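Shown next, in structure tokens, is the structure this report addresses.
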Amino acid sequence: MNAEPIPAISAQQIAGTAFGHDEALVEVRDLTVRFVTRETTVHAVNGVNFSVRPGEVLCILGESGSGKSVTLRAMMRLLPPRRTRIEGSIAIDGQDVLALDKRALGELRGGLVSMIFQEPMTALDPVYTIGTQIAETVLRHKGGSRAAARARALELLELVKIPEAARRLDNYPHELSGGLRQRAMIAMALSCGPRLLLADEPTTALDATVQIQVLILLRRLQRELGMGTIFVTHDLGVAAEIADRIAVMYAGRIVEEGPVADVLRAPLHPYTQGLLASTVHGQSRERDIEAIPGSPPDLRRLAAGCAFAPRCGLVQSECHAAMPEPRYTAAGRMARCVRITQAALAAAE
Amino acid sequence: MLAYIMRRMLLAIPIAFGVSVVCFSLVYLAPGDPLSVILPADATQEMVAQIRHAYGFDRPLPVQYLFWLGHVLTGDFGMSIATRRPVILEVTGALSNTFMLTSFAVPLAFGLGYAMGALAGCFPGRAVDRLVTGAAVVGVSLPNYWLGIVLVIIFAVEFMALPATGMGPKGSAQFSLLRWSDAQYMILPVVTLALIPVGIIARTTRAAVAEVLNLDFVTTLRAKGLSEIAVIRHVLKNSAPQVLAVMGLQFGYLMGGSILIETVFTWPGSGFMLSKAIINRDIPVLQGTILFLSMIFVATNLVVDLLQSMIDPRIRRS
Ligand SMILES: Nc1ncnc2c1ncn2[C@@H]1O[C@H](COP(=O)(O)OP(=O)(O)OP(=O)(O)O)[C@@H](O)[C@H]1O
Ligand SMILES: [Mg+2]
């Protein structure tokens, strides 16, 4: 029925490669996420490996349904526990996230790791003021008095450059514009000094000009506070702007990963090449990813071969046999494509 | 907020006006001539005209309405045709008897229904949920007058633990809540009455809580590190406006007194009185009761609206 997800290579195999950072803040190994219902199993994430160093920004790029959000949510164990099967390992600041008990998980969420969501309108509780919602987070992790938490909330609103912050504290989410709402969301995420920030398309729902402002703010705060950051986006331009490294996801796997400049200059994987080419030719950034012909595979029944093969212009018979194993270059790049031979790798350097 | 309260109160005025017009027209909507009850069968034309004039029936309708409204506003609803007592006394007496039941039935029903619904909503699809949903379906579909009779058979007839019907051994006039010999008469009607809204409130609460639990912001709350209890507090507050709306309606229905239940237990409340007034074609009593009950509905609605807008500020804007 369902094709077994191809086993990813183990951590030992990749030691000394792009993933082999001793001082990693995040180490995700062989992450598999399935959603199991009585009718079907959705293979949303199928063996994902990556790491993030403190202060580093990793952009996860990929079209809709490629498993970006699921990966981020798995890292905070925010997926519905009864339906979700998570395998592999996730270590954040040395903690084994998948093994944490409820209490430790509560400490990690919002303390060590924070998340910003795409749609600030629905991601904030509509019946509490933003001041209350930020103060609540502060109280949860730092304790202290309500007044102190509120004072901290005010500081945070000023930090994210919300005008008239003192007045905004008592506003409800619906009383703010989209941009201000997202700033409030960012303030809440930063309230307890996280070492890792997970941002799931934080600018997608905003107007273009507001998008840039929020992006600049995020980049500044990320640098000032030295947070490791995983930033999910559809937008290559955004990725080029903010990322240190890029990971391109397709059908629940990372098909290419590497330093942002290298990947954008000379993409190794045909999928990444397609993404880039469509941006160069097409003017519209919003439509860039749709420009590759065909549609992504059905995650309920993944075929054995390379998941991109049906849409790939360079497909060969080998592609249908098995999902290609990751291949690494000396420059800390990785791609999963049969066409990447040592010669091709050398040429790309 | 204050402005909103004022606006809502002003909005209630046309509703109250509409209700009063409907109550007034009841006399004309009811089949037959309202005078036929008072007049002897062999009344002469002159007598009819005289009485018509005396009751003001010969004046134009709007004038009649204004006269009627003037009386009503000063508490004069006329005389009951059946008992010859002022309608206002009849109605307030019956309402206070019903209120005695509802003041126990409402906290019981709302508390139980809410607790069941919230519990089920927090664990959708789990065993508690199926249990509560099942119980609510049974509760909603059982005819409660039947349940009342069954309770009477079990507790009054079989075990002889509680009195079957009536309002105290010496009748409603001497009834006192503080005497157990009287108060025990309330137990069966209160329980029966309470069972009507339990199922409805449990189902509404369950649906509202389960719906809110699926909203995006709940993930944010969890991502902040809040405990599951703190998350549920947010969820309950968010689902409260929906629950309050249904509770307000149910409160209104219960104040109307269930005709069937008050009849089964011969409890002299508003429902019992309504049924008597209908049978006796006692239009003034009917008018007075319906007007009072409608005003209770309007007032309840107003209170629910204000509570909702206090909980959810988005409601204030529309
Ligand atoms: N709770 C869930 N239950 C079942 N399937 C899910 C669940 N969450 C996500 N999925 C499925 O997992 C797949 C990956 O979803 P995901 O949200 O990670 O995509 P994405 O890459 O974030 O896309 P987008 O760019 O649209 O946000 C999708 O097919 C989605 O339908
Ligand atoms: Mg997503």
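None of the figures in this text is laboratory data; all of them are computed from the coordinates on show. It should be emphasised that the depicted structure is a prediction, and the values quoted were computed from it without experimental measurement. Positions of Cβ are backbone-derived with ideal geometry, glycine not excepted, and every protein chain shown enters the neighbour counts.
Per-structure values
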{"quantity": "Reach of residue B:170 by Cα under 27 Å, taken over lysines that are not fewer than 8 positions away in the same chain", "calculated": "B:276"}
{"quantity": "19 Å Cα-Cα reach of residue A:161 towards aspartates and glutamates, excluding residues that sit fewer than 8 places from it in its own chain", "calculated": "A:170, A:175, A:207, A:224"}
{"quantity": "Global form of segment A:99-235, assessed from the alpha-carbon gyration tensor, a/c cut-off 1.5", "calculated": "oblate"}
{"quantity": "Cβ-Cβ FRET estimate between residue A:82 and residue A:161, R0 fixed at 41 Å, reported to 0.05", "calculated": "0.50"}
{"quantity": "Peptide B:211-221 - average C-beta neighbours from other chains (10 Å radius)", "calculated": "6"}
{"quantity": "Acute angle (nearest 10 degrees) that the helix B:180-213 long axis makes with the longest principal axis of chain B, alpha-carbon atoms", "calculated": "50"}
{"quantity": "Residues B:63, A:33, sorted so that the one with the fewest Cβ neighbours within 10 Å comes first", "calculated": "B:63, A:33"}
{"quantity": "Rounded, prolate or oblate (a/c below 1.5 giving rounded, otherwise prolate when a/b exceeds b/c) for segment B:2-317 by Cα gyration tensor", "calculated": "oblate"}
{"quantity": "Loop-exposed trypsin sites (Lys or Arg not before Pro) per DSSP, neighbour cap 10 Cβ within 10 angstrom, longest uninterrupted part of chain A", "calculated": "A:83-349"}
{"quantity": "14 Å beta-carbon shell around residue A:135, net charge (K/R +1, D/E -1)", "calculated": "+3"}
{"quantity": "Segment B:161-225: relative contact order as a whole-number percent, Cα under 8 Å and 6+ apart", "calculated": "23"}
{"quantity": "Nearest-20 debye value, segment B:2-317 charge dipole, Cβ charges on Lys, Arg, Asp, Glu", "calculated": "1020"}
{"quantity": "B:165, A:137 arranged by Cβ crowding within 10 Å, fewest neighbours leading", "calculated": "B:165, A:137"}
{"quantity": "Normalised contact order of segment B:2-317, rounded percent, pairs of Cα under 8 Å and 6 or more residues apart", "calculated": "26"}
{"quantity": "Neighbour-limited loop hits for GluC sites (Glu not before Pro), segment A:157-256 (at most 15 other Cβ within 10 Å; DSSP other than H, G, I, E, B)", "calculated": "A:164"}
{"quantity": "Helix axis angle, B:2-29 relative to chain B longest principal axis, alpha carbon, degrees", "calculated": "40"}
{"quantity": "Overall form of the protein assembly as shown per C-alpha gyration tensor (a/c, 1.5; a/b vs b/c)", "calculated": "prolate"}
{"quantity": "Averaged over A:128-140, number of beta-carbon atoms from partner chains that fall within 10 Å", "calculated": "2"}
{"quantity": "Folded to 0 to 90 degrees: helix B:61-73 orientation relative to chain B principal axis, Cα", "calculated": "60"}
{"quantity": "Contact order normalised by residue count of chain A, Cα under 8 Å, 6+ apart, percent", "calculated": "22"}
{"quantity": "Candidate lysines for bridging to residue B:237, where Cα separation is under 29 Å - those fewer than 8 sequence places away on the same chain excluded", "calculated": "A:102, A:142, B:224"}
